[in-house]
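Chemist: For reference, the structure I am asking about is given below.
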Amino acid sequence: MPLAEELNAALTFARIDKIMQPSKNVLYFSLRKPGENLLLAISTAPQNPSVYITNSMPENPKEPPVFCMVLRKQLESGRISAARERKGERIIEIDVDTLGFGGKIATKTLIVELMGKNSNIILTEDNVVVDALRKVGPGKSKSRVVLPGHEYTPPEPQNKLDIRKEPVEAVIAKLKSETGNKLLSALIGTIQGFGPLHAKETAFLSGLSTDISVDELDNADFDSIVSALAEIKDANRPTIILNDNNKPLGMAAIPIHFELNAKALVFDNMSEMLEKAAELTYSYTPPDKERFQKLVKNELTRAKNKLGKLIKELNDAENAEDYKIKADNLMTYQYEFKDHADTKIKVKNIYSQTGEAIEIALDKRITILANMQNYYKKYDKLKRAKIFLTEQIQKNKDEISYLESIENSIALCSTLAETDDIQRELVAGNYLKERATKKTKEKTAAPFSFTAPDGTIVLVGKNNAQNDALTTKTAAPHDLWLHTKDIPGSHVIIRTGGEEVKEETLLLAGNLAVYFSKAKGSSNVPVDTVECRFIKKPSGSKPGFVTFTHQKTIAINADEELLKPYLKELPPTPLQEGGFFAPNFQNKKKSPPHRGGTSAKRQGGEPEGRGDYTNPNLTNANATTMSTT
């Protein structure tokens, strides 16, 4: 059954209960029918624009976009009266009956144009545009304007034939007229809805090469094409074909045979196929994630530029003695030179035992005495600045490390609750000038939870707020804490229960620490391990920042093959492996607190006292080490 017919059968008489727009390219309509609830997804994502029925419930953003609010005002509580395909185009039109002024029924049409990067969603009434997801003004298109108040003009029709409605003789006659073209492009240019996938399948079923010219085909070849088109016309097996890495090669409403080595996923209807295709091709980005990424990137650039300037000033301060030497020489030789005469002078250095000459730059605008005083002032200033600059450089390095930890947290976030955590952290750090979102129990982001082969629970924080909670509240004294050494990353907790940690569990946790850090994919990555009882969070320190002692450092070679079965257990990211999180999703599985027991066993590595902010003079196992995510 064609998609439009499938949608018409499913949606007719359904009432629109709620409209959601979780991202700029995706809309969801919650629909009610007698004894049945439906969820309609409309995506204008360039890689896979589509309309389909889904079972996945999206997260609803705190503040809906303007287009979503317009649709809510215009369509909510309305009833869908029809869904159809515009003839000859990849356009779905959905009619919605709403209650207008004076109790009269007003029919509004939601037009979904599925045209790759030019895909759009347009709301019209009496063929006049009410609003559009992607507005097109005269500056973008002279032939077709899509703006509120303008008459809706459909895209220019393509001169193609529908094999479901047109006689096969007409299709073959038009195909024969494509002289000079190869069979592949001729089929695409002749038949409505045909893309490269359909054309290749037709050629394969006909026993012909896609590169053969239409001029070379004889009557027997055209008879084969007729048989192939008849088979395709009657086929109703929506299919996605995948490569060896389970990446989609293409999808169609028909079985695909020409890709002999490809894996085929066959579905009962178009909606199921389109939903799966969306899971495979579309990556959901929570609202504000891109904004936070840009903000942190700019702050990091600013901090790194500042660090470069501070280091240059410190290098100048290290050479403060040079300014004093020049000033002393000017004092000695000041009467041998005239004021305002030279830009530089060369004299015998009074401090040189071998009588070497020294060159001194002068400002001609001022006297020799004033130049001498400037050199003394510069010397005094640099001498005082050395201590201050050293402190500022350390603070700046700490800020860069902290911002990199936030950058890593943003990369891991996939839900609204997690972006809210990051927003609160950015506001608290004065990086973001806006009111922080209040934390609620309904939107509490949970850490990743993994189960090792021996049943041990391993927890991984997704952001600094979770890292603090894991390390200072969730973890028991004898649980084992892991973190990449001197590299921003997540806090990892092994719930030991007071028992000795097995080597395979430690290896798994170490790989998780590397995977969820900026060292992802690297080899020979140092990872600090320490019992949680030796970890402290300094009062007033930044989120994710802790100090610890008695640590050991192990070297981990990233092994993503080891992690594959565990990463599959992660809660599905939106529109992947089952769709969006429900709004109240949280990981309720917790390991009970442990008390007492023997110390956990550490595998590999020698005692090492250096962490992210370690004093280089501390090198023994009892040295205090600091870490941030």
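Chemist: Which order do the peptides 244-250, 188-194 take when ranked by the mean count of other beta-carbon atoms within 10 Å per residue, highest first?
Modeler: 188-194, 244-250
Chemist: For the residue pair residue 231 and residue 115, what label-to-label distance in nm results when each label sits 7 Å from Cα along the Cα-to-beta-carbon direction?
Modeler: My value for the distance between the label points is 3.4 nm.
Chemist: May I ask you to derive the relative contact order of the chain, considering only C-alpha pairs under 8 Å and at least 6 residues apart, and to give it as an integer percent?
Modeler: Computed value for the chain: 9 percent relative contact order.
Chemist: Show me the GluC sites (Glu not before Pro) within segment 450-536 that DSSP assigns to loop and that have at most 16 other Cβ atoms within 10 Å of their Cβ.
Modeler: For GluC sites (Glu not before Pro) across segment 450-536 that sit outside H, G, I, E and B with at most 16 neighbouring Cβ atoms in 10 Å, the list reads 499, 500.
Chemist: Roughly how many Å² is the accessible area per residue of segment 429-501, as a whole number, for a 1.4 Å probe?
Modeler: Per residue, segment 429-501 has an accessible area of 40 Å².
Chemist: For residue 18, list the lysines whose Cα falls under 21 Å from its own Cα; do not include residues on the same chain fewer than 8 positions away.
Modeler: Within reach: 33, 62, 73, 108, 443.
Chemist: What length, rounded to one decimal in nm, is gained on full extension from residue 140 through to residue 411, with 0.36 nm per residue of separation minus their alpha-carbon distance?
Modeler: In short, 94.2 nm is gained.
Chemist: With all protein chains present, how much of the accessible area of the chain (probe radius 1.4 Å) comes from carbon and sulfur, to the nearest whole percent?
Modeler: 50
Chemist: Taking 22 Å as the cut-off for C-alpha to C-alpha distance, list the pairs among 386/537; 87/174; 165/233; 324/386 that go past it.
Modeler: 386/537
Chemist: Heavy atoms only, probe 1.4 angstrom, no DNA, RNA or ligands counted: give me 339, 421, 398 ranked by accessible area, highest first.
Modeler: Descending accessible area places them as 339, 398, 421.
Chemist: Given a 1.4 angstrom probe, what's the average accessible area per residue across segment 174-257, in square angstrom?
Modeler: For segment 174-257, the solvent-accessible area averages 47 Å² per residue.
Chemist: If packing is taken as the average count of other Cβ atoms within 10 Å, what order do 505-515, 121-131 fall into, highest mean first?
Modeler: Descending mean neighbour count gives 505-515, 121-131.
Chemist: Considering only protein heavy atoms, what is the solvent-accessible area of residue 409 at a probe of 1.4 Å, reported in Å² to the nearest 10?
Modeler: The accessible area of residue 409 comes to roughly 10 Å².
Chemist: In the structure shown, do any of 383/542; 304/433; 395/462; 309/338; 263/564 have a Cα-Cα gap over 28 Å, and if so which?
Modeler: Check vs 28 Å cut-off fails for 383/542; 309/338.
Chemist: Set the Förster radius R0 to 41 Å, insert the Cβ-Cβ distance between residue 361 and residue 298 as r into 1/(1 + (r/R0)^6), and round the FRET efficiency to 0.05.
Modeler: After rounding to 0.05, the efficiency reads 0.65.
Chemist: Let me ask something additional. Mind checking the full-extension length gain between residue 322 and residue 353? Use 0.36 nm per residue of separation minus the Cα-Cα distance, one decimal, nm.
Modeler: 9.5 nm
Chemist: So for the pair residue 99, residue 337, with labels modelled 7 Å out along Cα→Cβ, what separation do we get in nm?
Modeler: Rounded to a tenth, the inter-label distance reads 9.3 nm.
Chemist: Given H placed on each backbone N at 1.01 Å, which residues far from residue 549 in sequence or on other chains put an amide H within less than 5 Å of it?
Modeler: For residue 549, whose amide H was placed from the backbone, the distant partners under 5 Å are 625.
Chemist: For a test of the definition: using alpha carbon positions, the gyration tensor, and the 1.5 limit on a/c, classify the chain as rounded, prolate or oblate.
Modeler: Prolate.
The values are calculated or read from the model by the stated rules, or taken from the named source; none is laboratory data. Keep in mind that this is a model prediction, so the values were computed, not measured. Every residue, glycine as well, gets a Cβ built from its backbone with ideal geometry; the counts of neighbours run over all protein chains shown. Each accessible area value is taken on the protein alone, full model and side chains, heavy atoms only, with ligands, DNA and RNA left out. Shrake-Rupley method; radii C 1.70, N 1.55, O 1.52, S 1.80 Å.
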